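Comments concern the structure below.
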Amino acid sequence: MKTDVKALVIGGGAVGTSIAYHLAKAGWDDVMLLERDELTSGSTWHAAGLLPLFNMSFATTHIHQYSVEFYKQLEAETGLNAGFAVVGNLRMAQTKERMDEYMVYATTAETCGVPYEFLTPDEIKARWPLINTETLEGALYHQTDGYINPADVTMAMAKGARQRGVEIVRRLQADAFDWNGTHWDVTCTKMIEKGGNLVPSDEQVVITAEHVVTASGNHAQRTAKMLGIKIPAIPVEHQFIVTDVDPALQKWRKDGNPEHPVIRDADAQSYVREERGGWILGVYEKDAPAVFEYGVPDSFRADLFPLALDRIEEQYMAMIHRIPSCEESGLKDDFNGPICYTPDGNPLVGPAPGLRNMWLAEGFSFGITAAGGTGYYLAQMMVNGEAEIDMASLDPKRYGTWMTTEYAARKNEECYDHVYILHHPDEERPACRPLRTAPAYDRQKERGAQFGFVNGWERPNYYGPLDAPETFDHDARSFRRGGWWSHAVDEAKAIREGVGLIDATAFTKHVVKGPGATAFLDWFTCNKLPKVGRINLTYALTAAGTTRTEYTIVRNGENDYYLVSAGAWTAYDADFLRKCAEDKAPEFGYIEIQDVTTQWGVFAIAGPKSRDVLNAVIKDADPATALSNKRFPWLSARKIELGMCPVNAIRVAYTGELGWELHHPMEMQNYLFDLLEKAGEPYGMKLVGARAQNWLRQEKSYRAFGNELGRDATPAEADLPRFIDLSKEFQGKAEMEAIGVRSKCVTLLIDGPSDADPWGREALYDGETKIGRLTSGGYSVHFGRSIGMGYVRPDLAVVGQKLKVKMLNQLWDCEIVEDSPYDPKNATIRIDG
Ligand SMILES: Cc1cc2nc3c(=O)[nH]c(=O)nc-3n(C[C@H](O)[C@H](O)[C@H](O)COP(=O)(O)OP(=O)(O)OC[C@H]3O[C@@H](n4cnc5c(N)ncnc54)[C@H](O)[C@@H]3O)c2cc1C
């Protein structure tokens, strides 16, 4: 057995095995995989093996899509048949709203090139007469997915990995990880059987590895403890049952008919597929408990929990309604196993927070479907530095240090329970809330705020009626324009015509200072650094030349900077900033990084009357000129006093209107809120939420992180030349230039359906040809039309270019407009007074 390797993968389930395979395939010839028990003995052996391709997430759909293609060719490579049955996937809808949901799924699928077809109840009945189509509105049929044997596909990947030189060692458990500057020393213990349990022996070995990947499945909490980090991957109980043969089904097949597709009845929280003449019924039921919150007991190996039939009775009856012929088939087998979840249902794939060369691949609830693609894209990240798709939505650092075991367990239960609810794009989930609240939360709530959840923070999405019932926001959700839409319209208009106050407290804030700060930030970001007292919008690039983070940089002193970035990504940004600063300190000198996110609250006041409101409360020797262009020009920062509150004010507005961001001490937030509210009264100031802000920024073509900005496009492709200083050297510059422009960011005005706006996940067409996709969408109050931003083929990224956008299963006219179609000359932002 080797004891010195390039990469050590911990965990021999589907995910770890695929990672080892793909690292070897990507060219690393010194890869080792450890499994504490037997390959597949975690959750992998008892999975139902379904490979559902559809997903609302662009990245996850790509991952699943890769898996399906990869599994298809594994047999040719390894000689092992993994039992891949491409039977298709039939997502049935019992309501019109569910059909709307499928239309949103379908357009996302289209952006990834996944084929699909919509079927009417009659078409379903004609193809599969055993299905009772009563109460069905229709279905979304997806021809190219199906199911596979999870253990067999893992064994095939293991064989493929061995053929490529990977060493697989069983019965060896990783027990301690020590980083010593260039590599990890991983202390491993030989595992032995004792009374049916798997226990550590006295035999230990230390394996040295340049890179470590953990894919430890249900053992993620133990892994987290060993690494000294938090991993919110905690399993939940998940069940499926297998029925005896169904004579009608047997006859159907005997008559030469093909196998049924996987039949998903989302409104009945279940899926059904054929299994040896009978059926498998898999259920996502209510009240499935989280398990192993503090680790997996030694006695739990390839084991199952007792069946909890009472929890799945309703779904069982629903299956009999949907496939009446199965009523007489008895119960043949049952599975209740641990299935790993994370609070948002996406796995955790990427660099571990705070650690070097430590990669996580944890928290997979669709691990069989995701294994192939995860291995492929993670290997790209490890070997090449970046994956070809943006993996940020899966990044382990999307959860901050505020996250606890209790939070993860309760959220994971909710996530499981929510698998088959309607996934509105404006969905907000209720569990574990409120958790992180800024002081003004109660005041905002009293004024009708309906909150969204951003990195644990409560942030107003919009302000509803004052007497709104508890269920208002839930009932306001839709795949079209929801009940909140008219409130957001009023709020957006208030900013364009009067004045509005937005809570932007969730912003991520870092102080970067010290002798090396200036040289470091100059290298770290692509725009010129601002002069003292000024601000700049700029981008940190990945080493591969794509966009890692967008920053507003305020320069408070020669070597003293305040960086503002997206609120959802505090830990993600902090980790990158710290690691880069650590690497560069020997070259540039000492660099201090402080995460001050929770110390500073932020209100953004914006609108033509915003100066009047501030003028009423500013304390200054000459209040009349304190906010004038002369004393406080656009894109500058000043320390001002509003009443008795010291404020670091920045003259920028993400809404594109005259405005200031007011960064204030968190503990003085309520004082400032009351002061501004009172001062705003004579001007009709309105409290404004994030939804209206999102629309307004699209009218100004302001790119948003996670939408237009991400690790799959460079700032040049985001079409931001005015923020890229090519006369200087910066991280990722050469790589960005080498990439060129593969597709280009544009803004579009859209003549869509009268009751819906795009969500930012729709496919764009030139005639019949797909030429791009939207990354943002919404409604423009200024133009009275739907609006969107997205990426298109560069030759088509021309103002005036007419295109089509796919919404609600139809193509609608849209047109590329100039960047910043509202106030392109920035006249209103710069207005003097
Ligand atoms: C009833 C049920 C049905 C399911 N159906 C489906 C389905 O239809 N489709 C689908 O895509 N997914 C399905 N899943 C989910 C799927 O089983 C998991 O997502 C998948 O198996 C996860 O694979 P993994 O490799 O991450 O974890 P695991 O298979 O759990 O593997 C992790 C491995 O790591 C090993 N390990 C842990 N710690 C150490 C250590 N320190 N040292 C060495 N080894 C270690 C463990 O022994 C284990 O073998 C289902 C799950 C359940 C419970």
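The values are calculated or read from the model by the stated rules, or taken from the named source; none is laboratory data. Here the structure is a predicted model, which is why all the values come from computation and not from measurement. Neighbour counts run over all protein chains shown; Cβ positions are idealised from the backbone, glycine included. We work out accessible area using only protein heavy atoms, side chains counted, and drop any ligands, DNA or RNA first. Shrake-Rupley method; radii C 1.70, N 1.55, O 1.52, S 1.80 Å.
Numerical summary
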item	result
Looking only at the range 434-450, and only at residues there that are more than 19 Å from residue 402 (Cα to Cα) and of a type in the set (A, V, I, L, M, F, W, C), the one that is surrounded by the fewest Cβ atoms within 10 Å (Cβ to Cβ)	449
Scope the range 335-372; condition in a strand (DSSP E or B), more than 10 Å from the ligand (Cβ to nearest atom) and either under 12 Å from residue 233 (Cβ atoms) or in contact with a Gly (Cβ under 8 Å, 6 or more places away or on another chain) (or both); matching residues	348, 349, 359, 360
Residue count, the range 735-761 (criterion: closer than 21 Å to residue 700 by Cβ and open to solvent by less than 30 Å² (accessible area, probe 1.4 Å))	10
Enumeration of residues in the range 618-636 that are open to solvent by less than 20 Å² (accessible area, probe 1.4 Å) and touching a residue at least 60 places away in the same chain (Cβ under 8 Å)	627, 628, 636
Filtered residue count, the range 464-517, keeping only those that are without any contact (Cβ under 8 Å) to a residue 24 or more places away in the chain, over 30 Å from residue 99 (Cβ atoms) and among the hydrophobic types (A, V, I, L, M, F, W, C)	1
Residue among 199, 212 that alone is within 29 Å of residue 19 (Cα to Cα) and more than 12 Å from the ligand (Cβ to nearest atom)	199
Test: residue in the range 373-385 that is outside any helix (DSSP H, G or I) and buried (at least 16 other Cβ atoms within 10 Å of the Cβ)	no
Qualifying position, being on the phi < 0 side of the Ramachandran plot, of a type in the set (Ser, Thr, Tyr) and assigned to a loop (DSSP other than H, G, I, E, B), among 822, 791	822
Candidates 51, 74, 80, filtered to the one that is under 27 Å from the mean Cα position of the chain (by Cα) and either closer than 30 Å to residue 318 by Cβ or more than 11 Å from the ligand (Cβ to nearest atom) (or both)	51
Residue among 34, 80 that alone is touching a Cys at 6+ places or on another chain (Cβ under 9 Å), at pLDDT 95 or above and farther than 19 Å from residue 264 by Cα	34
Per-region count, the range 717-734, residues open to solvent by 30 Å² or more (accessible area, probe 1.4 Å), in contact (Cβ under 8 Å) with a residue 24 or more places away in the chain and out of contact with any strand residue (DSSP E or B) (no Cβ under 7 Å at 6 or more places or on another chain)	2
Residue, farthest from residue 378 (Cα to Cα), within the range 1-48, restricted to residues that are more than 12 Å from the ligand (Cβ to nearest atom) and part of a loop (DSSP other than H, G, I, E, B)	1
Among the candidates 71, 102, 66, residue that is of a type in the set (Ser, Thr, Tyr) and open to solvent by 30 Å² or more (accessible area, probe 1.4 Å)	66
Options 9, 15; residue that is open to solvent by 10 Å² or more (accessible area, probe 1.4 Å) and of a type in the set (Val, Ile, Thr)	15
Filter result for residue 520 (open to solvent by 30 Å² or more (accessible area, probe 1.4 Å), in contact (Cβ under 8 Å) with a residue 60 or more places away in the chain, under 25 Å from residue 724 (Cβ atoms) and of a type in the set (Phe, Trp, Tyr))	no
Condition broken by residue 240, with the remaining ones in (1) over 23 Å from the mean Cα position of the chain (by Cα); (2) crowded, with 22+ Cβ neighbours inside 10 Å; (3) among the hydrophobic types (A, V, I, L, M, F, W, C); (4) within 30 Å of residue 28 (Cβ to Cβ) satisfied	(4)
Members of the range 495-517 found to be open to solvent by 10 Å² or more (accessible area, probe 1.4 Å), in a strand (DSSP E or B) and either of a type in the set (Gly, Ala, Ser) or under 19 Å from residue 593 (Cα atoms) (or both), listed by number	511, 513
Single condition residue 323 does not satisfy, out of (1) touching a residue at least 40 places away in the same chain (Cβ under 8 Å); (2) within 16 Å of the ligand (Cβ to nearest atom)	(2)
